[in-house]
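K.L.:
Okay, handing you the structure first.
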Amino acid sequence: MSQPLGLKGPVLHTVNLGADIVLATGQDTILDATGPGLTYVWSTGAATATILVNTPGTYSVTVTTAEGCTGSDMVEVTIASSIFSPQPLVNILVAPNPTHDLLHITCAGTTITPLQVFDNLGRLMLADDSFKTAGTVQTIDLSMQQPGVYYVRIADANGAWTFRVVKQ
């Protein structure tokens, strides 16, 4: 616990649960507030450093140090009704897959907006709400993302499609 000179009393402890999370139906995730020497009180009543979440809602945690300093954070968890699409009704090309850095998306027959990229835990990693006309190529830069599995969600006025992409 550190304090600026001249101030007395407890200083808040920082805890960060991360960005809001979107899960697919049946998927779960672990919320983690781990820190050395802390005690935990979750909105669920749990008193552990981590909790397993598989239902939508707002989850919060308050952590306390041995000196009585506290900090808290919250995260919103939502459940997507469907993250996978059987077959698009329009011609959508997502390439190359797997990719190293750049992903090119071409959508023929419809105008798309928005485009979202979720990680394997359902967390929104990138979003582009710009309006893309039919047939144009949209390039997504994944160079700042860790290697792994991502889901690209593309929507138009008639629905949404989700594509599994591997970032190497």
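K.L.:
Using 0.36 nm per residue of separation minus the Cα-Cα distance, give me the extension gain between ALA160 and MET125 in nm, one decimal. Don't jump to the answer; show the numbers that get you there.
P.N.:
Values: separation 35, 0.36 × 35 = 12.60 nm, distance 1.76 nm.
In short, 10.8 nm is gained.
K.L.:
Sorted by average packing, counted as other Cβ atoms within 10 angstrom per residue and highest first, what order do 71-77, 151-157 take?
P.N.:
Values: 71-77: 16.4, 151-157: 18.3.
For the peptides 71-77, 151-157, the packing ranking is 151-157, 71-77.
K.L.:
Place the peptides 115-121, 22-28 in order of packing, highest mean first, counting for every residue the other Cβ atoms within 10 Å and averaging per peptide.
P.N.:
Numbers: 115-121: 18.4, 22-28: 15.4.
Ranked by mean Cβ neighbours within 10 Å, highest first: 115-121, 22-28.
K.L.:
Can you give the local net charge around SER60? Use residues other than it whose beta-carbon is closer than 12 angstrom to its beta-carbon, Lys and Arg +1, Asp and Glu -1.
P.N.:
Working: positive: none; negative: ASP73, GLU76.
Neighbourhood net charge equals -2.
K.L.:
Calculate, for ALA108 and GLN27, the FRET efficiency according to 1/(1 + (r/R0)^6) with r their C-beta to C-beta distance and R0 30 Å; round to the nearest 0.05. Before the final figure, lay out the partial values.
P.N.:
Details: r = 31 Å, r/R0 = 1.04.
That pair, ALA108 with GLN27, gives E of 0.45.
Every read-out reported here was derived from the displayed coordinates using simple, explicitly stated rules and does not represent laboratory data. The shown structure was predicted, so the numbers you read here are calculated from the model rather than taken from an experiment. Glycine also receives a Cβ, built like all others from the backbone with ideal geometry; neighbour counts cover every protein chain displayed.
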